[in-house]
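Visitor: Here it is, the structure, as structure tokens.
Coordinate-derived values only; no laboratory data. Just so it is clear, the structure is predicted and the values come from calculations on it, not from any experiment. Reconstructed Cβ throughout: ideal geometry from the backbone, glycine too, with neighbour counts over all protein chains shown.
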Amino acid sequence: TSFVVTVSKVETDSGAGALLCFEDVTHLEQAGQMRRDFVANVSHELRTPLTALMGFIETLQGPAKDDAAATARFLGFMQSEAHRMERLVRDLLSLSRVEAEERVRPMDRVDLGKCIGSVLHSLRAVSDSAGVRIDLQQPETPVIVPGDFDLLTQVATNLIENAVKYGAQGKVVHVTLETTPHATELRGPAAILTVRDEGPGFDPLHIPRLTERFYRVDTHRSREMGGTGLGLAIVKHIVNRHRGRLRIASEPGKGAEFKVILPAGGRPG
Ligand code: ADP
């Protein structure tokens with residue numbers, strides 16, 4: 001804990017005295033430290049692909065100059081490093097956008113089934129090539145919540161993409177959409193999106209930190225899968241903006257489960 005102490009002289013009826021003011025500035029120090037950590041992390045994440053790109057350029061200008069096969073191979077590597085930087089910048093922009101507007105609650109009428117439908121459509125190629133089957137369970141009537149279609153689609157994308165990426169090959173990702181008249185967490189009606197995989201999961205001790213920016217359970221595997229380490233931080237912020245809750249559960253070897261609980265009450269605009 002950090003305090004700023006100010007001492008001032010005061011005159012009272014019973015004579016002169018001193019006034020001591022203690023101001024708790026712990027939160028300010030913590031915010032400052034978090035900002036510094038974030039900038040250091042971003043710089044590190046950007047520097048890694050940049051260093052690789054510079055190395056490839058040097059090789060192309062030097063030893064591999066007249067070797068067509070090597071040139072083609074190096075250009076492929078360079079493209080994938082450039083894509084990594086592009087994904088990182090895209091996720092950083094998404095994050096800063098949702099953070100900036102966290103107080104504004106979006107109130108469009110969103111059909112969650114449609115969000116999920118569009119995610120499954122755009123992830124088809126990825127899930128097919130990973131040999132993962134996505135099993136969707138949803139009620140017959142549309143599940144509607146007040147919110148922002150694009151943001152909620154991003155939540156579903158990040159969670160389902162993670163389940164496909166980290167879930168073991170050839171297994172099933174279970175996506176469930178349901179409604180409840182009373183969610184204890186929200187003390188009211190809610191829509192619940194659950195994404196569960198049958199992959200390796202993780203030790204529950206990671207759960208409190210999973211939604212921190214750049215926190216990864218397995219950095220090597222995340223990088224290998226093209227992860228930026230920002231997906232769950234973005235999910236958390238979007239869920240907060242919708243006044244919802246994110247629940248995470250996992251055990252090593254038993255897959256992982258991510259549950260998004262969104263208030264279904266309130267008048268969708
Ligand atoms: P990344 O871009 O690295 O996937 P995320 O913020 O989406 O970043 O996830 C943070 C970390 O949480 C990942 O690096 C991974 O270690 C872990 N993780 C997320 N989803 C799963 C999952 N379904 N199964 C196992 N680990 C997961």
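Visitor: Counting each DSSP H run of 4 or more residues in the chain as -39500 (n - 2.57), what helix-only mean residue ellipticity at 222 nm follows after dividing by all residues, to the nearest 500 deg cm²/dmol?
Guide: The helix contribution divided over the chain gives -16000 deg cm²/dmol.
Visitor: Would you grab the residues whose amide H sits under 5 Å from the one on residue 173? Only those 5+ places off in sequence or on another chain, please, with H modelled 1.01 Å from N.
Guide: Amide H to amide H, under 5 Å and 5 or more residues apart or across chains, residue 173 pairs with 133, 134, 135.
Visitor: Output ³J(HN,Hα) for region 219-226: one whole-Hz value per residue in order, computed from phi by the Karplus curve 6.51 cos²θ - 1.76 cosθ + 1.60 with θ = phi - 60°, and x for Gly and Pro.
Guide: 4, 4, 5, 4, 4, 4, 8, x
Visitor: Short version: ³J(HN,Hα) in whole Hz for each residue of region 201-216, in order, from phi by Karplus 6.51 cos²θ - 1.76 cosθ + 1.60 (θ = phi - 60°), x for Gly and Pro, what are they?
Guide: Calculated HN-Hα couplings, in order: x, 7, 5, x, 5, 7, 3, x, 9, 4, 8, 6, 5, 6, 7, 10 Hz.
Visitor: Treating each Cα of region 21-140 as an identical point scatterer and ignoring solvent, apply the Debye formula and state log10 I(q)/I(0) at q = 0.10, 0.11, 0.16 Å⁻¹.
Guide: Debye output, listed in q order: -0.65, -0.75, -1.05.
Visitor: For each of 71, 141, count neighbouring Cβ atoms within 10 Å of the residue's Cβ, then give the residues from fewest to most.
Guide: Placing the least packed residue first, the sequence is 141, 71.
Visitor: Taking region 1-77 as the region of interest, what is the percent of Cα-Cα pairs per 10 angstrom bin, listed from the shortest bin to the one with the maximum distance?
Guide: 15, 20, 14, 13, 11, 10, 8, 6, 3, 0
Visitor: Looking only at 169, 79, 61, which one moves most when the chain is put into a Gaussian network model with springs between Cα atoms under 10 Å?
Guide: 61
Visitor: For residue 259, list the lysines whose Cα falls under 16 Å from its own Cα; do not include residues on the same chain fewer than 8 positions away.
Guide: The reachable lysines, counting only those whose Cα sits under 16 Å from residue 259, are 236.
Visitor: Further question: I want the antiparallel fraction of DSSP beta bridges within the chain, as a percent rounded to 5.
Guide: Approximately 90 percent, going by the DSSP bridge assignments.
Visitor: Separate question: What's the exposure ranking of 215, 166, going from fewest to most Cβ atoms within 10 Å?
Guide: In increasing order of surrounding Cβ atoms, one gets 215, 166.
Visitor: Here's something else I'd like to know. Of all the stretches in the chain, which is the longest one without any exposed loop site, taking GluC sites (Glu not before Pro) in a DSSP loop (any state but H, G, I, E, B) with at most 12 other Cβ atoms within 10 Å? Please list the in-between numbers first.
Guide: Values: sites that count: 102, 140.
Maximal segment without exposed cleavage sites: 141-269.
Visitor: In vacuum, with every alpha carbon of the chain counted as one equal point scatterer, what does the Debye formula give for log10 I(q)/I(0) at q = 0.07, 0.10, 0.13, 0.16 Å⁻¹? Two decimals, please.
Guide: The Debye formula, applied to the Cα set alone, gives -0.36, -0.64, -0.94, -1.27.
Visitor: Return the sequence-ordered ³J(HN,Hα) values of region 132-146 in whole Hz as given by the Karplus equation 6.51 cos²θ - 1.76 cosθ + 1.60 applied to θ = phi - 60°, using x for Gly and Pro.
Guide: Listing the rounded values in order: 10, 9, 9, 9, 10, 10, 8, x, 6, 8, x, 9, 10, 10, x Hz.
Visitor: What is the order of 87, 196, 133, fewest Cβ neighbours within 10 Å to most?
Guide: If I rank by nearby Cβ atoms, fewest first, I get 133, 87, 196.
Visitor: Can you give me the relative contact order of the chain as a percent, contacts being Cα pairs under 8 Å and 6 or more apart?
Guide: 18 percent
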